[in-house]
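Below: the structure, in structure tokens.
What follows draws every value from the coordinates through simple rules; no lab data is involved. All figures in this text were calculated on a predicted structure; none of them were measured in a lab. Note that each Cβ is placed from the backbone with ideal geometry, even for glycine, and that neighbours are counted across all protein chains shown.
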Amino acid sequence: MHSLTAQIPELSNSYVCMKDPQKVQETLQAMVKAGSNTLQVISDFDMTLTRFAYNGKRCPTCHNILENSKVISDDCKIKLDELLKTYYPIEIDASRSIEEKLPLMVEWWTKAHELLVAQRIRKDLLATAVHESEAKLRQGHLKLFLDGFKLFFDHLHKHCIPLLIFSAGIGDILEEVIRQAGVFHSNVNVFSNYMDFDESGMLKAFKGELIHIYNKREGALLNTGHFQELRTRPNVLLMGDSLGDLAMADGVHDMENILRIGYLNDKVEERKQSYLDSYDIVLIENETLDVPNAVVHYLTGSK
Ligand SMILES: Nc1ccn([C@@H]2O[C@H](COP(=O)(O)O)[C@@H](O)[C@H]2O)c(=O)n1
């Protein structure tokens, strides 16, 4: 443990928990030895790259950004909020199994997307909806511009490390958030739920297979081309906030090492043990990207 925190001091922060620090150290050493040209990063978006809360108030997910915006009628907002109040407690309920939650999550996403489609949302209004929203990418503890998300995205770009953002949110909104933040670099790919617009620019459906939090394995296996292109990068840094995010790397070819960093944002006591059993590093109620940034810097041999 001592030499691990000497190498990455951020891992000694009180919000960092590891079930097996020795394994974390061995994995990191193997990944450094293999070199950053064998590394790929796979990250969830909502509540992983974005903040969970700010000044005591929940931050919006991709869905919430749209739902809270002017493009949605008041009546529809009430219905979407009722869905959130019904299904989010199920999403984070530690007493239910994933098998039990899965059909209910499909129900949530399906009902919400049907309501959104009925709003006939205009594509050209999405940028304003994001601009006027309270979306917040995670910063560092110093809250400097070159801290947190900017450092994370820019550093991966500078070192030509592919970043796959794998989200059960809404791809069009997610892309707009990172574009407006100036970090939608050429090394970033996104798997998500994308909106389908008609020729007049009105939302008519969602494209392809639905991605919800518990079917990311299927989503990964549908995108074999992406992982085939990255077959020379068998070392993975995975970042998520739900147990469903662990499946995001299931499409990686001949994986050699994986380091999983998990944000535990809500229902901490009930879920802590299952996160410790599944993620190598668990960050408890922490809103920064300090640990992922420190790990990425360590893996790229940067100070
Ligand atoms: N109608 C909905 C459906 C889902 N959510 C939240 O979005 C999150 C999924 O996105 P990831 O980037 O984390 O994969 C999920 O945690 C749901 O809570 C929502 O807000 N509204």
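Each label point was placed 7 Å from the Cα along the Cα-to-Cβ direction; for Glu256 and Tyr54 their separation is 4.0 nm. Remark: the Cα gyration tensor places segment 197-267 in the oblate category, a/c being 1.5 or greater and a/b not exceeding b/c. Taking other C-beta atoms within 10 Å as the exposure proxy, His155, His113, His131 rank His131, His155, His113 from fewest upward. Using a Förster distance of 51 Å, how high is the FRET efficiency between Lys77 and Ala6, based on the Cβ-Cβ distance and rounded to 0.05? Efficiency for this residue pair is about 0.50.
Does anyone have the angle between helix 171-180 and the longest principal axis of the chain? Alpha-carbon axes, 0 to 90°, nearest 10? Approximately 60 degrees, to the nearest 10. Put in order of Cβ neighbour count within 10 Å, fewest first, the listed residues Leu142, Leu243 become Leu142, Leu243. The length gained by stretching the chain between Gln22 and Val117 to full extension, at 0.36 nm per residue less their Cα-Cα distance, is 29.3 nm. Relative intensity of segment 61-131 on a log10 scale, I(q)/I(0) at q = 0.21 Å⁻¹, equals -0.89, per a Debye sum over C-alpha point scatterers of equal strength in the absence of solvent. Once the Cα atoms of helix 268-278 and of the chain are each reduced to a long axis, what angle between those two axes, in degrees from 0 to 90 to the nearest 10, is obtained? On a 0 to 90 degree scale, this one is about 60.
FRET efficiency for the His226 to Asp196 pair, using the beta carbon distance and R₀ = 22 Å, is estimated at 0.60. The shape of the chain can be summarised by an equivalent ellipsoid whose semi-axes, obtained from the alpha carbon gyration tensor, come to 31, 21, 19 Å from longest to shortest. Measuring r between the beta carbons of Glu100 and Val268 and using R0 = 30 Å, the FRET efficiency lands at 0.90.
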